[in-house]
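Following: one structure in structure tokens, then a few remarks.
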């Protein structure tokens, strides 16, 4: 199995475990905290896995190869994250979106938002589906991997 494929599978497993941990611990009831923990955790895992993988391919890949490896990790990992997130939100934790909406409403109520902004956010929350919540994670995985690869690949590559 190639380093990029192995890294993608490890990334998906760790991000899925992070999602499960947030649900199981009840952190998802706190909208702001759960969003922060997931976003920071997923980005940190993504960057760490890409660096780990590119370190292993540095002796055989030039700059373009390193960026291609990172793009492969991001593309494969991103697609698999979309699928696993959708499965988690649709079947494993089917109440997760309702809990997220409830937490978001509590957060918005504490912010004393203007009525028109509040209504706009309520429409966004009402339109949330497992797929609409999963897609940004997949795209974010790809772009985070690509940027990490472009930066780190410059320093760690076959010369």
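A short reminder: the numbers here are calculations on the coordinates, not readings from a lab. Everything numeric in this text was worked out from a predicted model, so none of it was measured. A quick note on method: Cβ atoms are made from the backbone with ideal geometry, for glycine too, and the neighbour counts reach across all protein chains shown.
Run the helix sum for the chain: -39,500 (n - 2.57) per DSSP H stretch of 4+ residues, divided by residue count, reported at 222 nm to the nearest 500 deg cm²/dmol. After summing the helix terms and dividing by the residues of the chain, the value is -28000 deg cm²/dmol. The separation of the range 1-79 from the range 88-152, counted between C-alpha centres, amounts to 19 Å.
Which angle between 0 and 90 degrees, to the nearest 10, do you get for helix 115-126 versus the longest principal axis of the chain when only C-alpha atoms count? Orientation of helix 115-126: about 60 degrees from the principal axis.
Of the residues 90, 34, 8, the one with the fewest other Cβ atoms within 10 Å heads the list, and the complete ranking is 90, 34, 8. Peptides 19-30, 63-74 ranked from most to least packed, by the mean per-residue count of other Cβ atoms within 10 Å: 63-74, 19-30. Extent of the chain along its three principal axes (Cα atoms, max minus min coordinate, largest first): 58, 32, 23 Å.
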